[in-house]
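The values are calculated or read from the model by the stated rules, or taken from the named source; none is laboratory data. Only a predicted model underlies this, so the values are computations on that prediction, with no experimental measurement involved. Methodologically, a virtual Cβ is constructed for each residue, glycine included, from the backbone with ideal geometry; neighbour enumeration extends over all protein chains shown.
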Amino acid sequence: MIKFENVIKKYNHQNALDGVNLLVHRGEFISLVGLSGAGKSTLMKLIIGEEQIDGGRILIDDVDISRVKKRDLPYLRRKIGMVFQDIKLLPKRTAFENVAFAMEVCGHRMEKIVKEVPKILDLVGLIHKKDSFPHEMSGGERQRVAIARALSHRPVLLLADEPTGNLDEVNASEVIDLLLKINQLGTTVILATHASDLVNKIKKRVITIEGGKITMEQEKGKYKL
Ligand SMILES: Nc1ncnc2c1ncn2[C@@H]1O[C@H](COP(=O)(O)OP(=O)(O)O)[C@@H](O)[C@H]1O
Ligand SMILES: [Mg+2]
């Protein structure tokens with residue numbers, strides 16, 4: 001599904017990614033681990049086309065993304081959901097409205113939105129919070145609303161960049177469990193994190209990145225740094 005061929009990304013003549021080769025198959029759950037500054041976010045930004053590469057090639061479903069026209073990028077991005085450490089929900093909108101708004105922006109019709117949003121909130125275990133505002137929810141619940149919002153486009157790939165970075169242990173493991181569930185339902189997931197305890201519990205493929213290079217790949221591996 002995703003192929004990185006000798007990918008190089010520079011910021012101010014410094015290599016943030018330094019010859020990355022990576023193959024992600026449909027349906028996989030990948031933990032991308034590494035210290036702060038290792039290049040995890042850069043790798044994800046390249047996948048969604050938010051940053052351009054300086055060398056090599058990235059193929060998504062055999063399409064070279066550097067050849068995708070700017071006006072076609074939104075279609076590519078719609079196949080990809082993304083969540084971040086910093087959860088940006090609309091503060092004056094309920095959980096339901098936050099997800100509904102994302103669908104409205106994409107031009108979905110109201111009938112469809114009204115039907116879909118409860119299903120998605122149910123999937124993330126928050127149907128009982130549908131009328132709650134962000135300030136009435138825990139950090140973990142807010143992140144699950146953000147995940148619901150990302151899922152509203154029915155992405156084939158979900159990128160989660162340090163989604164548990166601001167959460168305590170209990171909330172963090174709720175979010176990880178949800179990502180695993182989403183993966184089981186068929187969505188490919190890439191989780192970027194530096195939290196070793198979480199990754200060791202996941203027991204899926206682990207890719208370690210250090211100084212912009214992939215230094216280790218383990219099946220059901222353990223993360224040590
Ligand atoms: N917009 C930017 N401008 C300049 N340097 C950047 C920018 N974004 C990232 N970098 C640098 O690229 C490297 C990788 O950063 P990043 O991908 O954010 O790492 P991680 O997500 O693993 O913490 C770091 O050295 C960082 O300082
Ligand atoms: Mg990062």
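Counting only helices (runs of 4 or more DSSP H) that sit completely within segment 43-123, those holding 3 or more residues that are free of Cβ contacts under 8 Å to residues at least 60 places away in the same chain, outside the structural domain of Ile2 (by TED's automatic domain parsing) and of a type outside the set (D, E, K, R) correspond to 95-105, 110-123.
Lys79 passes every criterion in (1) of a type in the set (D, E, K, R); (2) under 16 Å from Phe4 (Cβ atoms); (3) surrounded by 13 or more Cβ atoms within 10 Å (Cβ to Cβ) apart from (2).
Among the candidates Leu159, Leu179, Leu191, single out the residue that is touching a Ser or Thr at 6+ places or on another chain (Cβ under 6 Å), in the same structural domain as Lys201 (by TED's automatic domain parsing) and either within 21 Å of Lys45 (Cβ to Cβ) or not in a helix (DSSP H, G or I) (or both).
Numbers: Leu159 fails: touching a Ser or Thr at 6+ places or on another chain (Cβ under 6 Å); Leu179 fails: touching a Ser or Thr at 6+ places or on another chain (Cβ under 6 Å).
Among Leu159, Leu179, Leu191, only Leu191 is touching a Ser or Thr at 6+ places or on another chain (Cβ under 6 Å), in the same structural domain as Lys201 (by TED's automatic domain parsing) and either within 21 Å of Lys45 (Cβ to Cβ) or not in a helix (DSSP H, G or I) (or both).
In segment 52-70, the residue that is nearest to ligand 2 (Cβ to nearest atom) out of those that are more than 15 Å from Gly212 (Cα to Cα) and surrounded by 14 or more Cβ atoms within 10 Å (Cβ to Cβ) is Ile58.
Evaluation of Ala172 against the conditions (1) in a helix (DSSP H, G or I); (2) touching a residue at least 60 places away in the same chain (Cβ under 8 Å); (3) over 29 Å from Glu5 (Cα atoms) shows that the sole unmet condition is (2). Can you work out which of the residues in segment 2-51 that are away from ligand 2 (no atom under 16 Å from the Cβ), closer than 23 Å to Arg205 by Cβ and of a type in the set (Gly, Ala, Ser) is surrounded by the most Cβ atoms within 10 Å (Cβ to Cβ)? Once the filter is applied, the top-ranked residue is Gly19.
Let's see how each residue does on (1) assigned by TED's automatic domain parsing to the domain that holds Ala95; (2) outside any strand (DSSP E or B); (3) among the β-branched types (Val, Ile, Thr):
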| position | (1), (2), (3) |
| --- | --- |
| Arg142 | yes, yes, no |
| Asn183 | no, yes, no |
| Thr208 | no, no, yes |
| Thr215 | no, no, yes |
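Condition test on Leu32, is it assigned by TED's automatic domain parsing to the domain that holds Asp177, touching a helix residue (DSSP H, G or I) at 6+ places or on another chain (Cβ under 8 Å) and of a type in the set (A, V, I, L, M)? Considered against the rule, which asks whether it is assigned by TED's automatic domain parsing to the domain that holds Asp177, touching a helix residue (DSSP H, G or I) at 6+ places or on another chain (Cβ under 8 Å) and of a type in the set (A, V, I, L, M), Leu32 comes out as yes. Of all the numbered requirements in (1) buried (at least 18 other Cβ atoms within 10 Å of the Cβ); (2) in contact with a Ser or Thr (Cβ under 7 Å, 6 or more places away or on another chain), Val117 misses one, and that requirement is (2). Out of curiosity, is Arg205 within 16 Å of Gly34 (Cα to Cα) and basic (Lys, Arg)? It is true that Arg205 is within 16 Å of Gly34 (Cα to Cα) and basic (Lys, Arg). The condition of being more than 16 Å from ligand 1 (Cβ to nearest atom) and at pLDDT 95 or above holds for only one of Phe4, Phe96, that being Phe96.
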